[in-house]
C-alpha cells in the first residue's frame, strides 16, 4: 500500500505542484495561505528551484508571468484581497495565453473582511475577475487529496489550453489535515511549447503580448480565446457524483461547503431520504450538462454556499426548465460555517 | 566599396511610429548596437513596458515580452530567474518606471537581479498625450499640470539614477543624454557598461537616458533637443552614480 502522509491542504498543494515539476514560486504573505510560501521557501532551494517573496502581490504574479513566458512551470498563491491585486496580471496572462497556477485560499470579505472560510470569490474567479472579458480554468478541491491531485492537473490543463489556472480553496481545505497518498504525476500528452521565449538563436523572433491595434486583430484574438473556452466546456468539466441516480433531491455546492453538505446527505440517507450530492470540481468550465442530465429526472436541487448566492446562478442556468433550485447560504465571518445538521434541516424543508 | 555604417543586426529594417525629433529611435539604436557588440541578439529576452516603448518587438529582432504598466522589472525577474543564461533587459519610460512601477524597480534593484534597465526620461507621458510625469520639471506645463508643476501641489521631479544608486543591490547606475554627438557617444558607453555588468555576472545595472518629446512639449525637434541640454541636464545631472566593478 502506498505511503500515506498526514498533511494540511496548503502543503498538499505544494507537494502536488512540485510533483508536477513546478520549480518557480513567487508570493507574498497573507493569511490563511502562509503555509504555502513557507513550505516553498524550504523546499525550492533543495530542488534547485526558485522561491521569491516579492515586494507585493502584484510583483509576485508578474514574476510568474516572466517565468511562465520562458515555458517554465510557475505558480503564485494568495488569499482574496491579494488575488484582487493580482487580477491585472491574470487578465494579461489570459490575453497572452500564458500557462501558470494561481492558488486562492480565499478568506472572507468584502474588503479586509476576516480570515474565515468563505466562498465569496466565486464570481471573481469564474466570471473573469480582471478586465476585458476572459475566462480561466477554476478548480475547486474539497479534500486534501484533491488539493494535491488538482495542483498536478492544473499545470497540465494550463499547458494544454495555454491559460492561467486557478485553484479556489478556503481556510477549511487549506488549513485542515487529512491523509494524503502521494503518487507520480499521471502521464498526459502535452503540446510543444513553441511559443516560449528562449532568445531567438538561429530561429524566428518570438514575442508574447496582449496589445492588438491592427484592424480586426483584437476581435480575431478574442474569437480565438472564445473557441478555447468552448473547447474547455466540451472536454474539461469535472464533478463528483454521490448517490444522485435515485435521488429525489440533489444537494450541490463546491469546496468546503460541499464537504459539509455531503455529511448532511449521508445523514439524510440514514433517515431513508433519497438525497444525493452533485459537486462541481471545475467551476469554469461549469459542469452544466451534469446538472441538465440529472434534473431531467430529479426536479429539486438545493445549492449550499458560503456566500449569499453566487454559483447558484450557474446552477439555475444549467438545470432542466422545470426543476426547482433552492439556495441556502451563509455569508462568511467568524461562526458562520454551517453544520451538517443545519443543512439536513434545509434538505428536509425542501424534500 | 567598404561599408562603414549600417543598421545594427538587432534592429529590424522597419519604419518606427515615433514622432519627428523623438529620441526613442536613437536610444533603440544605441541599445541594438550594444546587443550586437556583445553578440547578444540570439540570447536576449527583451522586456517591453507600457507607453511609446510598448512596440519593442516591432523594432528589435529579438525575443520580447510586453508587460503590464510598471511591472517590467518584476517580469524581468521571473524571466531571468527561469533563464539565468539569457541576457535580459527592460526598456521603460518615466511614467512606467518612476510612477506606477516604483515598487517593482526599487525591489528588483535592491534584490540585485542580474538584469539591465534602460530608463527613458522625457519628463512626460508620451503615449497618453503629455500628462505630468514624476520627472516633470518644476514649472513645466503639461496636459495635467496646465499651470506648471508646483512643488506645493505636485511635489518634485524624482531623480531615479541617484535614488537607485543608494541601494546595496545596485551595481551600476548612470544618467546619459542623446542631445549632442558628445552626449550620444557617452550614452553609448554607459549602455555598453550596463550590459557588460550583466554579461560578466556583476549584478543589476541601470542607465537613465534623457530624451526629447517634441510633440508633447509643444516644440519643434530642434527646440526640444535644445531643451534637453538647457533644462533637463541642469536638473538631471549626467554622470555615473555607481560603478561597483569600476568598469
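Bear in mind these aren't lab numbers, they're just calculated from the coordinates by the rules spelled out. If you're wondering where the values come from, they're calculated on a predicted model, not measured in any experiment. Methodologically, a virtual Cβ is constructed for each residue, glycine included, from the backbone with ideal geometry; neighbour enumeration extends over all protein chains shown.
If you build a Gaussian network model of chain B, linking Cα atoms that sit under 10 Å apart, which residue out of B:227, B:81, B:196 swings the most? Fluctuation is largest for B:81. Remark: mean inter-chain Cβ contacts per residue of A:45-52 equal 2, using a 10 Å Cβ-Cβ cutoff to other protein chain atoms. Peptides A:194-203, B:12-21, B:61-70, A:130-139 ranked from most to least packed, by the mean per-residue count of other Cβ atoms within 10 Å: B:61-70, A:130-139, A:194-203, B:12-21. Grouping the Cα pair distances of the stretch A:51-177 into 10 Å bins from zero gives a pair-distance distribution of 14, 47, 35, 4 percent in increasing distance order.
The mean sequence separation of alpha-carbon pairs under 8 Å and at least six residues apart, normalised by the residue count of chain B, gives a relative contact order of 19 percent. Between residue A:42 and residue A:127, the distance separating the two model label sites (each 7 Å from Cα on the Cα→Cβ line) works out to 4.0 nm. Were the residues from residue A:226 through residue A:270 laid out at 0.36 nm apart, the gain over their Cα-Cα distance would be 11.3 nm. Cut-off 19 Å, label point 7 angstrom out along Cα-to-Cβ of residue B:141: give me the residues of the stretch B:92-123 whose amide nitrogen falls inside. Residues B:123 fall inside that zone. Over chain B, DSSP H runs of length four or greater, each weighted -39,500 (n - 2.57), average out per residue to a 222 nm ellipticity of -9000 deg cm²/dmol. In chain A, the DSSP-assigned H stretches of four residues or longer account for a calculated mean residue ellipticity at 222 nm of -12500 deg cm²/dmol, using -39500 (n - 2.57) per stretch and the full residue count as denominator.
Were the residues from residue A:289 through residue A:188 laid out at 0.36 nm apart, the gain over their Cα-Cα distance would be 33.9 nm. Counting only other chain Cβ atoms within 10 Å of each residue's Cβ, the peptide A:193-203 averages 5.
For the pair residue B:2 and residue A:53, what calculated FRET efficiency results from E = 1/(1 + (r/R0)^6), where r is the Cβ-Cβ distance and R0 = 56 Å, to the nearest 0.05? FRET efficiency, residue A:53 to residue B:2: 0.50.
Divided by 2.2 N^0.38 Å, where N counts the residues, the Cα radius of gyration of the protein assembly as shown comes to 1.09. Take the Cα of residue A:321, step 7 Å toward its Cβ, do the same at residue B:222, and the gap between the two points is 7.8 nm.
Taking the average, over residues, of other Cβ atoms within 10 Å as the packing measure, peptides A:57-67, A:303-313 rank A:57-67, A:303-313 from highest down.
Note on A:206-213: average number of Cβ atoms from other chains within 10 Å of each residue's Cβ is 6. Modelled label positions at residue B:131 and residue B:37, each set 7 Å beyond Cα in the direction of Cβ, lie 3.7 nm from each other.
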